[in-house]
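Accompanying notes for the structure given below.
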Amino acid sequence: MFEKLAEIEKRFSEVESRLADPAVASDPNKLRELGKEHAELSLVVGLYRDYRHASDDLTAAREMASGATGDDASFLREEIVALEERLKKLEFQLKEALIPKDPLDEKNVIVEIRSAAGGDEAALFAGVLFEMYQRYAEAHRFKTEVLSGSASDVGGYKEVVFGVKGKGAYSRLKHESGVHRVQRVPATESQGRIHTSTATVAVLPEAEDVDIDINPNDLKIDVYRSSGPGGQSVNTTDSAVRITHVPTGEVVACQEERSQLQNRERAMRILRARLLQRAQEEQRSKIDLERRTQVGTGERSEKIRTYNFPQNRVTDHRIGLTLHKLPQVLAGDLDDMIDALRREEQAGHLRSGADDD
């Protein structure tokens, strides 16, 4: 690790020298590129220099303590303990800072929620989850936009797809992928029995044109009249769009807008995100899964979380975390859960790094 840190410090010095070069200052693109690299390296280099200074102080304190007596010896022993603790903390922070950043973390996301087991109750629960994520996004000043949806006749959604835009949206929401389970007494249940229903959530990093190259010849595009619940016509023009990516069989349909062009643009956004996810999953399958953290893999067959209304609790089964504040969570207060999942992800990377060492 320390050889790597020495190389990073050397590169940091090189970048600082180049930033002071007038030729670089006159090149906005190069200046922006080096400025970004300088900012990324500065945190690691600062921690590394703090670690070296603390290590030097510890060596000096131990040397002084070897010949000290009385109050001086007592003071130095306390100083040595404090420095040892500081070094441990700095070493952990350095390992954490060296964890490769997920290149997708800063992306916007597309969230797909679908009702699963439980019929009408599952559709109502899908609507509850949709509102929960909308409120969470609002609290973090993310912008949301409904891209497509299929409402249930009794309320809620059979399916709803929406975008979340904001810096770090994917890093905050990526662990939400999976099967969410609810346990509650439905409003239509006359005997007061608790029912269990599920909805699936998929969180896809929104792909840009540079991420996924789609050949127009691979697309089959159909237009038709949009319809609402029960099949009634919403408008009289062929504004709804269905796009099929022939090589993969992915199908996306959008009818939220009255403009065929807008529906087509929305459908392409969803399609790019799904194809990016496919590429990511194919790449992930080639990696030794035993050496990766299992948090946030996005396996949809996995029951990741249970929302239990009678007991006022939410349990995330991946990390064994239970919170007894269900109303707050459903109102968008997800930070305790999400922060715990992110810490577990980082711990998994650190364990993997320790294995490599």
Tally of residues being surrounded by 14 or more Cβ atoms within 10 Å (Cβ to Cβ) and either among the basic types (K, R) or over 13 Å from L43 (Cα atoms) (or both) across segment 92-108: 7
Give A68, A82 a once-over and let me know the one that is of a type in the set (A, V, I, L, M, F, W, C), part of a helix (DSSP H, G or I) and without any contact (Cβ under 8 Å) to a residue 60 or more places away in the chain. A82
One residue is enough: does segment 317-334 have a residue meeting the conditions among the small types (G, A, S), in a helix (DSSP H, G or I), surrounded by 15 or more Cβ atoms within 10 Å (Cβ to Cβ) and modelled with pLDDT of 85 or more? no
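The values are calculated or read from the model by the stated rules, or taken from the named source; none is laboratory data. What you see is a predicted model; the values in this text were computed from it and never measured. Because the Cβ atoms are built from the backbone with ideal geometry, glycine has one as well, and the counts that use them run over all protein chains shown.
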